[in-house]
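For reference, the structure is listed below as structure tokens.
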Amino acid sequence: MGNDKEEKNKDFLHSTEDLFPDYEPKLTPDTALDYISGREEYREKTIEIIRNISEPKLKDLNQIIAQFNHYLKKAEEKLGHYIDGNMILGAPPKEYIPSEAEIVVSELGKSIRSILQNNPVENIQNYKMNENIKNQKIKFKEIIFTHCDVMGSGRFFYAEKLEPETELDL
């Protein structure tokens, strides 16, 4: 015979599933595209740029560095800002709203890091020599994305600027 408490817990869990029958949990990592796709303040151009940098390859490193430096200047000119977060919708008390350029810089920086981590040092050194890329430090504010599912209200995405800044030796 089952324990009354266990039976009540099973009943509660079953009734909770019945309350939200259309709920589909998000099973993929949260990305910049998830974050910006639901926000009108970001332009279509930003979405296209981020889509194009999704699979970093060593052969594209020089182009990625050039884009990174271009957007880094823009990000320094227009920083994001904090607002009071709507904690009822899963937001942190102070919610960070990054600028478009900050998001692009972060995604390009993550691409550079991925290339450095996924290629042998010898291949990177040969590529740098062939492309005349000097040794340098790549510094950027990494932005990560999370989501919160609020039953009855929807799915909400949030950005967080990591501290300290990410630094890569190239």
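The values are calculated or read from the model by the stated rules, or taken from the named source; none is laboratory data. Quantities reported herein were computed from a predicted structural model and do not represent experimental measurements. Note: ideal-geometry Cβ built from the backbone for every residue, glycine included; neighbour counts use all protein chains shown. Calculation scope for accessible area: heavy atoms of the full protein, side chains included, ligands and nucleic acids excluded. Shrake-Rupley method; radii C 1.70, N 1.55, O 1.52, S 1.80 Å.
Once ligands and nucleic acids are excluded and a 1.4 Å probe is used, how much of LEU79 is accessible, expressed in Å² to the nearest 10?
Per-residue accessible area (LEU79): approximately 110 Å².
Rounded to the nearest 500 deg cm²/dmol, what is the calculated helix-only ellipticity per residue at 222 nm for the chain, with -39500 (n - 2.57) per DSSP H run of length n ≥ 4?
Value at 222 nm, helices only: -14500 deg cm²/dmol.
Can you give me the span-like helices of the chain, meaning DSSP H runs with 18 Å or more of Cα extent along the axis and Kyte-Doolittle mean at or above -1.0?
For the chain, where a helix must reach 18 Å along its axis and average at least -1.0, the hits are 61-77, 100-118.
At most 15 other Cβ atoms within 10 Å plus a DSSP loop assignment makes a site exposed; report the longest stretch of the chain without any exposed trypsin sites (Lys or Arg not before Pro).
79-133
Put PHE68, PHE157 in order of accessible area, largest first, 1.4 Å probe: what do you get?
I get PHE157, PHE68, largest accessible area first.
Out of the total accessible area of the chain (probe 1.4 Å, heavy atoms of protein only), what percent is carbon and sulfur?
The nonpolar share, carbon plus sulfur, comes to 51 percent.
When only DSSP loop residues count, what GluC sites (Glu not before Pro) in segment 76-170 have their Cβ near at most 15 other Cβ atoms within 10 Å?
Those satisfying the criteria are GLU131, GLU165.
Counting Lys and Arg as +1 and Asp and Glu as -1, what is the net charge of the other residues whose Cβ lies under 15 Å from the Cβ of MET129?
With Lys, Arg at +1 and Asp, Glu at -1, the neighbours total +1.
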